[in-house]
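Step one of this worksheet: look at the structure below.
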Amino acid sequence: MREYSGLLTDLYELTMAAGYLQTRFDGRATFELFVRHLPPKRNYLVAAGLEQALEFLENVRFTGDEIKFLREQLLFSNISDDFFRYLANFRFTGDVWAMPEGTLAFAGEPMLRITAPIIEGQILETCLLATLSYQTMVASKAARVFTAAQGRRVVDFGARRAHGLEASVFSARASVIGGCLGTSNTLAGQLLGMGVYGTQAHSWIMAHENEAAAFAHFMDVFPQGAVLLVDTYDVRNAVKKMIAMGRKPAGIRLDSGDLAKDSRWVRRELDRAGWKEVKIFASGDLDEFKIAALLAKGAAIDSFGVGAALATPSDAPHLNLIYKLVEVERGGEIREAAKLTRAKATYPGKKQVFRRAAKNGEFSSDRIALEDEAPNGDTPLLVQVMRSGRRLQSGEPVGALRERCIASLEKLPAKYRQINRRADYPVRYSSGLQALLQKVRQRVRRSALQ
């Protein structure tokens with residue numbers, strides 16, 4: 001599969017593109033990407049995936065073989081050669097505004113706004129939705145896990161649970177944006193400049209004749225950073241053997257059993273041996289709820305490895321992320337657009353999101369407004385990241401995105417950070433936006449009567 005293929009889109013994006021070109025519908029359109037509603041167990045989202053989306057926009061192309069494939073589709077049998085020549089020279093030439101990755105976002109707020117020739121904006125819908133949706137979903141889950149850990153380290157262990165190898169890299173990236181210290185995914189570490197972490201598997205222990213030999217051989221190879229897995233057979237016997245050897249590891253890992261009870265016992269034994277600096281690492285189907293429960297029981301755990309809950313969060317496996325047309329400019333005339341059905345209505349016009357903070361620095365509310373409305377001292381969240389199809393600056397290091405997310409979480413009032421209760425952060429639509437929606441409604445009604 002080619003990474004930047006123009007065919008990485010739903011077929012109807014291409015049928016609409018062909019229709020626009022063949023009917024000479026030459027307009028410049030603005031689309032916005034947002035969620036209508038937060039998932040049931042989410043009080044906020046963490047914007048992520050923008051870097052990969054911009055890479056795709058800069059590099060997307062149609063090859064000769066891809067165009068040949070489209071020509072062979074019965075649906076395209078009446079499409080003129082002009083469309084296929086257009087695809088042969090296809091480049092994204094539009095402008096993009098977006099929330100920087102690591103920014104907290106709420107329902108209704110555009111995380112990305114794109115203005116481009118309407119064919120370009122249409123073809124790229126699927127890519128933008130898929131790229132931002134997955135990473136935002138994972139980063140949002142990671143932020144909840146990070147919050148539940150109460151300052152203890154969290155490492156992404158999700159590579160083997162992700163839906164494919166490419167997804168494992170993007171899941172690792174998004175997990176770090178959401179607060180994880182690093183990842184077990186070695187390629188993600190190399191490609192994205194993230195810390196990589198690992199211990200040992202049960203197979204290492206079982207491959208040896210006895211557990212003590214397994215520990216000793218591992219520490220021979222890794223004398224400085226060995227983390228020993230002690231739950232293959234019996235946790236207490238394993239820890240006693242390790243202490244009796246007199247060789248102090250960097251840490252021990254618990255992967256099963258009663259993690260709270262075992263961690264407290266292990267901590268007492270390590271401290272009794274004078275090994276207070278030896279850390280206890282826990283893993284094994286953990287998520288934010290299990291971590292919170294462990295700490296409530298007084299678990300003596302210093303770090304957590306979280307896998308499936310990050311790469312494939314079962315409580316919110318997808319986001320209701322949508323991409324809607326909000327404005328079309330043709331021949332110098334601007335026509336705002338909105339979907340008006342009651343269940344899925346949208347607001348027209350190019351928008352900006354303004355965030356207000358209280359005197360203590362905490363976020364207090366957001367306002368979704370037209371882009372040219374006055375900020376009134378609030379912070380605008382959408383910034384221009386691409387002009388005429390080229391990025392305005394290189395991507396930020398993943399560590400900087402993590403710092404932005406953590407700083408934002410610290411400014412979010414505690415009731416919105418809690419993991420067990422829904423709390424709706426205040427978001428309102430400006431009076432200017434409300435008036436424009438009413439104007440569009442009236443225009444559509446008049447048109448329907450003609």
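Data for the structure
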{"item": "Full-stretch length increase - residue 443, residue 213 - with 0.36 nm per residue and alpha-carbon distance subtracted", "result": "74.8 nm"}
{"item": "Helix-derived mean residue ellipticity, 222 nm - over the chain, DSSP H n ≥ 4, -39500 (n - 2.57), to 500", "result": "-12000 deg cm²/dmol"}
{"item": "Dipole of the stretch 148-311, positive direction: furthest Cα of 233, 250, 175, with charges on the beta-carbon", "result": "250"}
{"item": "Prolate/oblate/rounded call for the stretch 158-203, Cα gyration tensor, a/c under 1.5 rounded", "result": "oblate"}
{"item": "Over the stretch 292-418, relative contact order from alpha-carbon pairs under 8 Å, at least 6 apart, %", "result": "14 percent"}
{"item": "Paramagnetic label zone (point 7 Å from Cα along Cα-to-C-beta, residue 261; backbone N under 15 Å) in the stretch 289-310", "result": "294, 297-300"}
{"item": "Residue 37 versus residue 186: modelled label distance in nm, points set 7 Å from Cα along the beta carbon direction", "result": "4.5 nm"}
{"item": "Relative exposure of 416, 233, judged by other C-beta atoms within 10 Å (fewest first)", "result": "233, 416"}
{"item": "Exposed GluC sites (Glu not before Pro) absent: longest stretch of the chain, with sites in DSSP loops and at most 12 other Cβ within 10 Å deemed exposed", "result": "278-450"}
{"item": "Square roots of five times the Cα gyration tensor eigenvalues for the stretch 148-311, Å", "result": "26, 19, 14"}
{"item": "Full-extension gain in nm, residue 318 to residue 359, via 0.36 nm per residue minus C-alpha separation", "result": "11.2 nm"}
{"item": "Cleavage-rule hits, trypsin sites (Lys or Arg not before Pro), the stretch 314-420, DSSP coil, Cβ neighbours within 10 Å at most 12", "result": "359"}
{"item": "Separation between Cα centres of the stretch 326-405 and the stretch 10-83, rounded to whole Å", "result": "21 Å"}
{"item": "Computed over the chain: relative contact order in percent, which uses C-alpha pairs under 8 Å that are six or more apart", "result": "22 percent"}
{"item": "Per-residue Cβ neighbour rank within 10 angstrom, fewest leading, 144, 446", "result": "446, 144"}
{"item": "Residue order, fewest to most beta carbons within 10 Å, for 346, 93", "result": "93, 346"}
{"item": "Spin-label zone in the stretch 41-67 - amide nitrogen under 18 Å from a point set 7 Å from the Cα of residue 3 along the C-beta vector", "result": "49-63"}
{"item": "Fraction in percent of alpha-carbon pairs per bin - 20 Å, the chain", "result": "23, 46, 24, 7, 0"}
{"item": "The stretch 148-311: relative contact order in percent, alpha carbon pairs under 8 Å with at least 6 residues between", "result": "28 percent"}
{"item": "Computed label-point distance, nm, for sites residue 330 and residue 25 using a 7 Å Cα→Cβ extension", "result": "0.8 nm"}
{"item": "Total charge dipole magnitude, the stretch 104-163, about the Cα centre, Cβ charges on Lys, Arg, Asp, Glu only, Debye to nearest 20", "result": "520 debye"}
{"item": "Backbone N within the stretch 391-418 under 15 Å of label point (7 Å from residue 150 Cα along the Cβ vector)", "result": "418"}
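Every read-out reported here was derived from the displayed coordinates using simple, explicitly stated rules and does not represent laboratory data. Since the structure is predicted, the reported quantities are computational estimates derived from the model, not experimental observations. Ideal geometry is used to build each Cβ from the backbone, glycine not excepted, and the neighbour counts take in all protein chains shown.
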